[in-house]
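Please read the structure below before turning to the comments.
The values are calculated or read from the model by the stated rules, or taken from the named source; none is laboratory data. Computed from a prediction, not measured in an experiment: that's the story for all the values here. Every residue, glycine as well, gets a Cβ built from its backbone with ideal geometry; the counts of neighbours run over all protein chains shown. Just so you know, the surface numbers come from the protein's heavy atoms only, side chains and all, with ligands and any DNA or RNA stripped out. Shrake-Rupley method; radii C 1.70, N 1.55, O 1.52, S 1.80 Å.
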Amino acid sequence: MQRDDKIDLTRRLIAHVDNDTTDYADDMLRVPFSVFNDPELADREREVVRRFPHIVAHLDELKNTGDFVTTELIGTPLLVVRQSDGSVRAFSNVCRHRGAKVEFAESGCKRIFSCPYHNWAYGRDGALRGMPHAEGFDGLDRSQYGLVEFPCEVRHGLVWVVPTVGAELDIAKTLGQKHDAEVTDTGIGSSFQVRKETWKLDMNWKIAVDGVQDSYHLCQLHTKTVCNFLEGNITALDVVDRSWRIVVARKSITEVRDADPDSFDVRDYSLANYTIYPGTMLVTEPNHFEIWTIVPDVEDPNVSYCTIRLLAPSEPTTAREQRILDKNWELLMETLHAEDWFVTKTITDNVAHGQVDELVYGRNELPGQVFHKMITRDAAAIAAERRTAAAGSAP
């Protein structure tokens, strides 16, 4: 982080602590409660989500040539493979012959991927390499029947994919020059993946995203856990197009009120959340990183999936280092399962039967407002595109 930015951020956070304030929106935002279980809206949102980047792997999962992982993004089956030149490419895990899945293993290392149905074979680069009884396909241009490829980029040690063919993908541009440089400066690009876990959540994906955007609840819901370390309802927010940085003050930040700006790192006295719209969060803490990916279910608006990766600046080499990381994970799991998700699941339960028409996002819930305004705007744009397409195809 640049020196002037560090000084400015530290002053903003300490001023908020002193004045019991936060970065405010201009007004409250009223959101129809129905946005969390409307099937037609959920369908448009899925199309929005498919147009933006998501993290599908850490480079630790793809160390060697031929290493691969398979996964799904909003129903799209992916085969992600490390290439011989060190790059990573992402393909649709669908055979171009009759549409069966090509690779069934979650991970491994291969030179050739063969569909088990008729044994059509594809190289690591997705190219069609062979087929039994090729005489039955005289005239087929093999160069046109490789695996369908999706935009894929490795940045900050993470593998990003947009599950839409031909979509734009530039993570540095998405983060913005300043925030991308800050993420680089954290050292996350050389981090070690300690663990990864994915959960199927009985809640709308926007409810799950909301929880990671909200500092208002930190010392209301997490009175015995997170509130011991972080200031509640105190956020410094900076938005760059479709990404934003949320910084929450740690309880210790007033210790550097009068300190020489060159004598400390503001990251040691805060928690930063770099959100990449619509559902990816890079969370930086003094001794570890958390990578969150939240996506909607392919059919049910009341179901979503959350993957969290715990990363360390380097691979732990002592039992003490491992214990610290284990305790960080345990604290995160306690707050999520016993507090956050325990409570936020009731939002999904209540939306159908609570007889409440709208929700209110306060001026102090600025990050949540930013998120909901973006997804509302983009879902409306999808609806407009569909109306235009329907009108164009009408007889």
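Couple of notes before you dig in:
- Selected residue (only one of 124, 111, 89, 51 is open to solvent by 50 Å² or more (accessible area, probe 1.4 Å), over 28 Å from the mean Cα position of the chain (by Cα) and touching a residue at least 12 places away in the same chain (Cβ under 8 Å)): 111
- Residues in the stretch 60-86 that are among the hydrophobic types (A, V, I, L, M, F, W, C) and within 16 Å of the chain's Cα centre (by Cα): 73, 74.
- Close pairs (6 angstrom Cβ cut-off, 6 or more residues apart or separate chains): aromatic (Phe, Trp, Tyr) in the stretch 138-158, open to solvent by less than 20 Å² (accessible area, probe 1.4 Å) anywhere: 145/128; 150/90; 150/161; 150/163
- Near pairs, Cβ below 7 angstrom, 6+ apart or cross-chain, from the stretch 176-192 (farther than 13 Å from residue 274 by Cα) to any residue that is assigned to a helix (DSSP H, G or I) and open to solvent by 30 Å² or more (accessible area, probe 1.4 Å): 192/60
- Residues of the stretch 18-41 satisfying the condition of being open to solvent by less than 40 Å² (accessible area, probe 1.4 Å), out of contact with any Lys or Arg (no Cβ under 8 Å at 6 or more places or on another chain) and more than 22 Å from residue 239 (Cβ to Cβ): 33, 41
- Whichever residue in the stretch 216-269 is of a type in the set (S, T, N, Q) and free of Cβ contacts under 8 Å to residues at least 12 places away in the same chain and, among such residues, is nearest to residue 287 (Cα to Cα): 263
Table: residues versus (1) outside the structural domain of residue 149 (by the TED database); (2) at pLDDT 95 or above; (3) charged (D, E, K, R).
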{"site": "14", "(1), (2), (3)": "yes, yes, no"}
{"site": "25", "(1), (2), (3)": "yes, yes, no"}
{"site": "44", "(1), (2), (3)": "yes, yes, yes"}
{"site": "66", "(1), (2), (3)": "no, yes, no"}
{"site": "87", "(1), (2), (3)": "no, yes, no"}
{"site": "95", "(1), (2), (3)": "no, yes, no"}
{"site": "103", "(1), (2), (3)": "no, yes, yes"}
{"site": "113", "(1), (2), (3)": "no, yes, no"}
{"site": "118", "(1), (2), (3)": "no, yes, no"}
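- Residue match in the stretch 138-148 (condition: among the small types (Gly, Ala, Ser), within 21 Å of residue 69 (Cβ to Cβ) and open to solvent by less than 80 Å² (accessible area, probe 1.4 Å)): yes
- Test: residue 316 is open to solvent by less than 60 Å² (accessible area, probe 1.4 Å) and assigned to a loop (DSSP other than H, G, I, E, B): yes
- The residues of the stretch 335-374 that are β-branched (Val, Ile, Thr) and part of a helix (DSSP H, G or I), listed by number, are 335, 343, 344, 346, 347, 348, 351, 370.
- Flag if residue 198 is under 20 Å from the mean Cα position of the chain (by Cα) and surrounded by fewer than 20 Cβ atoms within 10 Å (Cβ to Cβ): yes
- If the condition is being of a type outside the set (Gly, Ala, Ser) and open to solvent by less than 30 Å² (accessible area, probe 1.4 Å), then the stretch 54-64 contributes 54, 55, 56, 58, 62.
- Within the stretch 255-291, if we keep just the residues that are farther than 19 Å from residue 15 by Cα and part of a helix (DSSP H, G or I), the residue that is most open to solvent (accessible area, probe 1.4 Å) turns out to be 262.
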